[in-house]
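Everything below concerns the one structure shown next.
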Number of protein chains: 2
Amino acid sequence: MTDIQTRSIGGNAGRNRSHNRRVVLDFVRANEPSGRAEIARSCGLSTQAVSNICEQLVQDSLLQEDGFRTGARGKPVMRYRFDGERAFSIGLELRPDALITAVLTMSGDRIYSNRTKLGNASPGFVVPLVKSQIEVALDAIGRDRSHLLGVGIVMPLSFGLLENSSAGQAELPGWENVNARETFEAALGCPVTIENDATAAAISERVSGVARGFESFCFVYFGTGLGLGVISDGHAQRGAYGNAGEIGHIITQTGGLACACGNYGCLEKYASRMSVRDHLEKSGISALTGFALAGLLKERNAPLDEWLNSAAVNLSQAIGILENLFDPEAVILGGAMPDTVLDELIDRLQLPVGSVANRPDRNVARVLRGSSGRMTAAIGGAAMVIHKIVTPAPTVYQ
Amino acid sequence: MTDIQTRSIGGNAGRNRSHNRRVVLDFVRANEPSGRAEIARSCGLSTQAVSNICEQLVQDSLLQEDGFRTGARGKPVMRYRFDGERAFSIGLELRPDALITAVLTMSGDRIYSNRTKLGNASPGFVVPLVKSQIEVALDAIGRDRSHLLGVGIVMPLSFGLLENSSAGQAELPGWENVNARETFEAALGCPVTIENDATAAAISERVSGVARGFESFCFVYFGTGLGLGVISDGHAQRGAYGNAGEIGHIITQTGGLACACGNYGCLEKYASRMSVRDHLEKSGISALTGFALAGLLKERNAPLDEWLNSAAVNLSQAIGILENLFDPEAVILGGAMPDTVLDELIDRLQLPVGSVANRPDRNVARVLRGSSGRMTAAIGGAAMVIHKIVTPAPTVYQ
DNA sequence: ATACTTAATTCAAGTTACTTGAGTAATTCG
DNA sequence: CGAATTACTCAAGTAACTTGAATTAAGTAT
């Protein structure tokens, strides 16, 4: 269940102001430190308007002054930085077997994290647990609760799909007909944002990772399967029914390995945690943890090497598809896979030459490594809250 | 060169006004007839603001009064309707060999079209020709010029790509370093919108075709190659550099036919005007026109039948990818291919079962046929103008 | 019929937040 | 050192919205 899309509403001076605050915040966050004149030029506002907005944002401790910059001609620029130290947000990842909690300051620094095993992921059990975990986190960080900006919850979601469809398997039992946002908001008494892991990770990357300053990019998320988060003009793409980004089941090998979804040659059969586990098990190796995988990579394990090659071939193809369809600033790889493995994968990619991403004027690599590890999704949950506060609506030109 | 949107800009009274006009128009179009008080409640504006906006919209002949409604208590409601008959827009498609002109009323009815052969597509030659073709069209329809809402121009575009990249080939000579919008706006003295054929066709479908009422869908456009237009939450997706939608070069046959882009098995080698032409030529058949193709289909031509089967296989796979990545309300096939051929193609598709589009609650087919024919792109150009006037930016809630 | 209730609309004033243009300040460049 | 350059501020001006009272035209109850 999702929240049905609402139609756009009209603007007035007040709504305009809050839009402009977001525009300015978003710009400063991506381009800090920056001066008012520069902000004004970039945001299409007068310097006077920006001056007023900045003054207010400083008062609200969302921006801070960062001293004068000299060296260029003209009057020295008073530069502003995003002030991310006082306010904070809480992110939780809900998996069938675990609940992970993370707290992030507005600037994206993790100041708390925790992992709790879960025997039961049903709403009746999880909702009170989330509530108590938030209390535990608040106690642990010892911060004023009034500075909590909101809660972001990451959980496997799929909306209205058939039993045997590609995405349906990971769904949490008991949540099929529950509006998760409303349920959590009622229980927690503060704004809640719900998202899937890949989108949350993508947002996290834009809030405080390698995608800072990007407006359009793709994030390929290694979870149990393989997910895709797409940010376009600063906003997450969810599709008509909320199921966008099902990259694991695009076919990269015509007539390849049989997949549970009914097709052959799905990307997920070649590039995912499941696939590396399956491949290693054929050689009698059981590597369930990221730590174990990183170890195997270090000792140049042959089966892992085979997997890496095949994963790289298939990922290259999928990345080519993403580049051609979305024309992103970059494709980011991250999630539940060790950094070293991701780096090795990226190293082995053979990206198509004939892609719209193969531009002569690139200034970032076509593929970047994002943040990874067990906490990625929970951190993403907290990042979603920040994103929501900072990111303005896309502009429609007259 | 186009204007690629990088980030949202701030609002002011004027920008706010034009947003509100769009919000009101969009609402009335979807809920006509409706009164000002109702509009105000739905759009989150005061009745006074709505009154002023409506007055202006009537003046601009975008709304019309539709008499009073009585029967309920209180003062009778003056109801408004969308006025689709008086205002109009002009669309042009610029190809290397032809310039096509079409005029659409706001309600999407074509009231004029024309095709002129082109020996020279350079700016110096084309810009004055466009200007004069518009004059010819205005004379032909005999309408008040003040009701011309804008001009939409469809032309092959690719931004900042390498020579050998997949999309670069179709580019018009002489336009590489020209800002087409600015050039045309300066010459024509009215707002100009520039877009590629696939996106224009997609927008056209939403304004007055099978995608009316859709917020998110994909349009696969048969042009010389194969293009993709993506509408997401009502807005066209263009990617970070404006090159999104390069669907012709996604690989649907691992190790398949060699493509000019350097890869093997690109979709365009199996499903495009080029590919059907190449395939038929192998059997000594030359079918350059849509009419000829439709004829071959009617007489159950064997080589065409072969092509249809192979095109359907590869398109099915590509559509599966679109569904999984974008989760659209539907995928639409259209463009320079006869309706009968498109219908036959759709008939032969074998869509993946394991796709997020395979929902039990679907109320439209997964694949629809859009408008097709020579005029499709020019009509799309005119539709872009309408779309721009009517569709507001999505609202970001606080 | 008459008075009351309801709801849409308008009028006029008030408010917000932006823009504009003149003026000031601080620095580099020649 | 003066000229040029750039950032910023002040004060006035403006567009477009909101507010609250007044007006209008029904329907409804007496």
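If you go through the stretch A:347-391, how many residues are over 27 Å from B:Leu228 (Cα atoms) and under 21 Å from the mean Cα position of the chain (by Cα)? Give the derivation first.
We begin by selecting, within the stretch A:347-391, every residue over 27 Å from B:Leu228 (Cα atoms); these are A:347-348, A:369-391.
Add one more test, that the residue is under 21 Å from the mean Cα position of the chain (by Cα), and what stays is A:369-391.
Counting residues in the stretch A:347-391 that are over 27 Å from B:Leu228 (Cα atoms) and under 21 Å from the mean Cα position of the chain (by Cα) gives 23.
Checking B:Ser51 against (1) within 16 Å of DNA strand D (Cβ to nearest atom); (2) modelled with pLDDT under 95, which test does it fail?
Every listed condition holds for B:Ser51 apart from (2).
Which residues, counting only those in the stretch A:230-242, are buried (at least 24 other Cβ atoms within 10 Å of the Cβ) and in a strand (DSSP E or B)?
Matches in the stretch A:230-242: A:Val230, A:Ile231, A:Ser232.
Count, please, the residues in the stretch B:128-156 that happen to be more than 28 Å from B:Gln59 (Cβ to Cβ) and assigned to a loop (DSSP other than H, G, I, E, B).
Of the residues in the stretch B:128-156, 2 are more than 28 Å from B:Gln59 (Cβ to Cβ) and assigned to a loop (DSSP other than H, G, I, E, B).
Can you tell me which condition A:Gly265 does not meet? The list is (1) on the phi > 0 side of the Ramachandran plot; (2) touching a residue at least 24 places away in the same chain (Cβ under 8 Å), and all the others hold.
Just one mismatch for A:Gly265, condition (2).
For the stretch B:75-99, which positions are more than 20 Å from B:Leu25 (Cβ to Cβ) and in contact with a strand residue (DSSP E or B) (Cβ under 8 Å, 6 or more places away or on another chain)?
B:Pro76, B:Leu92, B:Glu93, B:Leu94, B:Asp97, B:Ala98, B:Leu99
Count, please, the residues in the stretch A:61-76 that happen to be more than 7 Å from DNA strand C (Cβ to nearest atom) and either surrounded by 13 or more Cβ atoms within 10 Å (Cβ to Cβ) or aromatic (Phe, Trp, Tyr) (or both).
Qualifying residue count, the stretch A:61-76: 7.
Is at least one residue of the stretch A:21-32 within 13 Å of DNA strand C (Cβ to nearest atom), surrounded by fewer than 17 Cβ atoms within 10 Å (Cβ to Cβ) and closer than 13 Å to A:Tyr80 by Cβ?
Our first condition is that a residue be within 13 Å of DNA strand C (Cβ to nearest atom); within the stretch A:21-32, this holds for A:21-25.
Filter again for surrounded by fewer than 17 Cβ atoms within 10 Å (Cβ to Cβ), leaving none.
No, there is no match, as no residue in the stretch A:21-32 is within 13 Å of DNA strand C (Cβ to nearest atom), surrounded by fewer than 17 Cβ atoms within 10 Å (Cβ to Cβ) and closer than 13 Å to A:Tyr80 by Cβ.
Looking only at the stretch B:205-225, decide whether some residue is out of contact with any helix residue (DSSP H, G or I) (no Cβ under 8 Å at 6 or more places or on another chain), crowded, with 23+ Cβ neighbours inside 10 Å, among the polar types (S, T, N, Q) and at pLDDT 90 or above.
No; the residues of the stretch B:205-225 include none that is out of contact with any helix residue (DSSP H, G or I) (no Cβ under 8 Å at 6 or more places or on another chain), crowded, with 23+ Cβ neighbours inside 10 Å, among the polar types (S, T, N, Q) and at pLDDT 90 or above.
Return the residues of the stretch B:371-385 that are within 14 Å of another protein chain (Cβ to nearest Cβ) and either at pLDDT below 90 or touching a helix residue (DSSP H, G or I) at 6+ places or on another chain (Cβ under 9 Å) (or both); say none if nothing qualifies.
Matches in the stretch B:371-385: B:Met384 only.
Taking the options A:Thr70, A:Thr101, name whichever one is touching a Lys or Arg at 6+ places or on another chain (Cβ under 9 Å) and among the polar types (S, T, N, Q).
None of the other options fit; the residue is A:Thr101.
What are the residues in the stretch A:265-324 that are of a type in the set (S, T, N, Q) and within 14 Å of chain B (Cβ to nearest Cβ), if any? Spell out how you get there, then give the answer.
If we filter the stretch A:265-324 for residues that are of a type in the set (S, T, N, Q), which is where we start, we get A:272, A:275, A:283, A:286, A:289, A:301, A:309-310, A:314, A:316-317, A:324.
Of everything in the stretch A:265-324, those that are of a type in the set (S, T, N, Q) and within 14 Å of chain B (Cβ to nearest Cβ) turn out to be A:Ser310, A:Asn314, A:Ser316, A:Gln317, A:Asn324.
Does any residue in the stretch A:359-380 that is farther than 20 Å from A:Ala294 by Cβ come within less than 7 Å, Cβ to Cβ, of a residue that is at pLDDT 90 or above and loosely packed, with under 15 Cβ neighbours inside 10 Å six or more places away or on a different chain, and which pairs are these?
Every condition considered, no pair remains.
Among the residues of the stretch A:243-258, how many are surrounded by fewer than 22 Cβ atoms within 10 Å (Cβ to Cβ), outside any strand (DSSP E or B) and more than 7 Å from chain B (Cβ to nearest Cβ)?
3
Take B:Ser46 and decide whether it is free of Cβ contacts under 8 Å to residues at least 40 places away in the same chain, within 23 Å of A:Ala393 (Cβ to Cβ) and within 14 Å of DNA strand D (Cβ to nearest atom).
Working: free of Cβ contacts under 8 Å to residues at least 40 places away in the same chain: yes; within 23 Å of A:Ala393 (Cβ to Cβ): yes; within 14 Å of DNA strand D (Cβ to nearest atom): yes.
Considered against the rule, which asks whether it is free of Cβ contacts under 8 Å to residues at least 40 places away in the same chain, within 23 Å of A:Ala393 (Cβ to Cβ) and within 14 Å of DNA strand D (Cβ to nearest atom), B:Ser46 comes out as yes.
Select from the stretch A:40-52 the residues that are on the phi < 0 side of the Ramachandran plot, surrounded by 17 or more Cβ atoms within 10 Å (Cβ to Cβ) and within 11 Å of DNA strand C (Cβ to nearest atom) and list them in ascending order.
A:Ala40, A:Cys43, A:Leu45, A:Ala49, A:Val50
Can you find a residue in the stretch A:22-32 that is small (Gly, Ala, Ser), more than 9 Å from DNA strand D (Cβ to nearest atom) and in contact (Cβ under 8 Å) with a residue 60 or more places away in the chain?
Filtering the stretch A:22-32 down to residues small (Gly, Ala, Ser) leaves A:30.
Going one step further and asking which of them are more than 9 Å from DNA strand D (Cβ to nearest atom), we end up with A:30.
Those still in the list that are in contact (Cβ under 8 Å) with a residue 60 or more places away in the chain too: A:30.
Yes, some residue in the stretch A:22-32 is small (Gly, Ala, Ser), more than 9 Å from DNA strand D (Cβ to nearest atom) and in contact (Cβ under 8 Å) with a residue 60 or more places away in the chain.
Surrounded by fewer than 18 Cβ atoms within 10 Å (Cβ to Cβ), within 11 Å of DNA strand C (Cβ to nearest atom) and either within 26 Å of B:Ser208 (Cα to Cα) or of a type in the set (A, V, I, L, M, F, W, C) (or both), is that true of B:Glu55? It would help to see each step written out before you state the result.
On the way: surrounded by fewer than 18 Cβ atoms within 10 Å (Cβ to Cβ): yes; within 11 Å of DNA strand C (Cβ to nearest atom): yes; either within 26 Å of B:Ser208 (Cα to Cα) or of a type in the set (A, V, I, L, M, F, W, C) (or both): yes.
The answer is yes for B:Glu55.
Output the number of residues of the stretch B:212-229 satisfying the condition of being facing chain A (nearest Cβ under 8 Å) and in a strand (DSSP E or B).
2
(1) part of a loop (DSSP other than H, G, I, E, B); (2) under 25 Å from B:Asn243 (Cα atoms): which one isn't true of A:Arg206, the others all being true?
With (1) part of a loop (DSSP other than H, G, I, E, B); (2) under 25 Å from B:Asn243 (Cα atoms) applied to A:Arg206, the lone miss is (1).
The values are calculated or read from the model by the stated rules, or taken from the named source; none is laboratory data. Predicted model, so just to flag it, every value in this text is computed and none were measured. Cβ coordinates were reconstructed from backbone atoms using ideal geometry, including for glycine residues, and neighbour counts include every protein chain displayed.
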